[in-house]
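Working notes, beginning with the structure itself.
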Amino acid sequence: MNMTPTESRTGFAQEVDAVTLARARRGDGTAHAALYRIFSRPCFTLAMRVLGSSAAAEDIVQDVFLKMMDAIRSYRGDAPFGAWLKRMTVNAAIDQLRSQRHLDKDDPERLFANVSDTTGLLASDAHDVMALLQRLPPRARLILVLHELEGYTHKELAELFGQTESYSKSILSRSLKRLQEWLAPNTVVEMQPWPSRS
Amino acid sequence: MAEQELSLKALRLAALPEFDPPPNLWARIEAEHHRRQQRGRTLRWGSGLAAMLALATVVALAPRPQIAAANPLAQLERRSHELELAYAGLSQAASPLESEAELRAVELALQQAYDRGAAVDELLPLWQQRNDVLSNLIVLAADGAQPTRI
């Protein structure tokens, strides 16, 4: 099973034994519960990072595992189970953002037009990355989380949003720059090696 | 710093926390899954029952209008049989003799028509005439009245 470094960080790369998968496909409730024990944390964490609300993240986890229990019969094992579940989680998060009309603005310029600068940024917020993430527009936050934390490539993001690769590159660059600006008075920024993805 | 070199890791932010869902979430998901399965079973059972009822209704009702529409002679014959049964159930004493005679005359004409292999166009008015006479006899028998001929 191929696992990217990001997947091992997020927990979606955890392996599932074939017996549990086979039992889950047959509708075994104990196997479903075992899958929940393995993947509920990465699923909830991803939803929290993208949506920033525990209630919304709970809804995502519920949607994803309800769908999983129905759809697992059609899971053929072409991709690792965690990757399959991660895709379901991302799709559910995108659906929720769309339903709240948080993904309406496509244009990167307009997307960041109303994002505040450092005004109102508390000293404690500067090192609270969750608080900083929530200051970004939802679409920018989603792209940042998916690329930087979940290992999505710009090609995959382009397919996900129906845009070009340069679109997600542009939004990611602006998001990181904005984070850097917010951190500037408090943090010494040092470049570190990072797995390169296209 | 070049923009393309920026990354979350390069920003050296505090480690992003991971989050655990509330402990009772799985119980809620299981309950919702069970509820949906139950509803699905009820819907499938209800749909099956409705389909069976619809099929039974179609089987019971469909042939009659088809015969009636396709074969007016059969419809008249069936109507005639129904009237005959209804008339037989009423008091014969109240029936005037001339109406009985008229019925026998129509039946004789019908028999002769069949004997010579008459076409449907010739049979239809005779069956209709028999039905009219029978209807008249039923009304008279029920009222105890006499027919009026003009």
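The values are calculated or read from the model by the stated rules, or taken from the named source; none is laboratory data. Predicted model, so just to flag it, every value in this text is computed and none were measured. Quick reminder, even Gly has a Cβ in these numbers, built from the backbone with ideal geometry, and neighbours come from all protein chains shown.
Structural remarks
- Checking each residue in the stretch A:41-66 for being closer than 24 Å to B:R35 by Cβ and either more than 9 Å from every other protein chain (Cβ to nearest Cβ) or surrounded by 23 or more Cβ atoms within 10 Å (Cβ to Cβ) (or both) picks out A:C43, A:F44, A:A47, A:A55, A:A56, A:A57, A:D59, A:I60, A:V61, A:D63, A:V64, A:F65.
- The set of residues in the stretch A:104-163 being surrounded by fewer than 17 Cβ atoms within 10 Å (Cβ to Cβ), within 14 Å of another protein chain (Cβ to nearest Cβ) and at pLDDT below 75 consists of A:A123, A:S124, A:H127, A:D128.
- Taken as a whole, the condition of being among the hydroxyl-bearing types (S, T, Y) and modelled with pLDDT of 85 or more applies to B:S80.
- Taking the stretch A:12-74 as the region of interest, the helices (runs of 4 or more DSSP H) fully inside it that hold 1 or more residues being farther than 30 Å from A:R139 by Cα and of a type outside the set (A, V, I, L, M, F, W, C) are A:18-25, A:29-51.
- Residue count, the stretch A:69-82 (criterion: touching a residue at least 40 places away in the same chain (Cβ under 8 Å) and either charged (D, E, K, R) or surrounded by 18 or more Cβ atoms within 10 Å (Cβ to Cβ) (or both)): 6
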